[in-house]
Amino acid sequence: MAAAQQESSGSTSAETFASGVAHDLRNILNNLGLSLQFLELTLDLSDPRTERAITRMRDEVAKLQRLTEGLPARARKIQDS
């Protein structure tokens, strides 16, 4: 019955799995983003090394967020191949 529901909704097991993983990753990335905001408010950003480190971390979190958003679609594409 569950398989029939998945097929009728167009969802594959790989896509469902990828959606679950993406959801968990988004939660982790949200926590990292909030932690970075806290660090930006509490650290001395006048030190260029600190500012560069925070910027690099924020950039990496943004990259992971973009990759995470496309995860279910990639799983569907692989499944359809």
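All of the numbers you see were taken from the coordinates with simple rules; none came from a lab. Everything numeric here is computed off the predicted structure, so don't read it as measured data. Cβ atoms come from the backbone with ideal geometry, glycine included; neighbour counts cover every protein chain shown.
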Given the rule -39500 (n - 2.57) for each run of at least 4 DSSP H residues, summed and divided by the residues of the chain, what is its mean residue ellipticity at 222 nm, to the nearest 500 deg cm²/dmol?
-29000 deg cm²/dmol
Calculate the all-directions average of the projected area of segment 12-80's alpha-carbon convex hull, and give it in nm².
4.6
When the chain is fully extended, how far beyond the present Cα-Cα distance does residue 55 get from residue 34, taking 0.36 nm per residue of separation?
6.2 nm
Magnitude of the charge dipole, segment 12-80, Cβ model with Lys/Arg +1 and Asp/Glu -1, debye to 20:
260
Quote the FRET efficiency, to the nearest 0.05, computed for residue 25 versus residue 80 with a Förster distance R0 of 30 Å and r equal to the Cβ-Cβ distance.
0.85
Would you mind ranking 51, 15 so that the residue whose beta carbon has the fewest other beta carbons within 10 Å leads the list?
51, 15
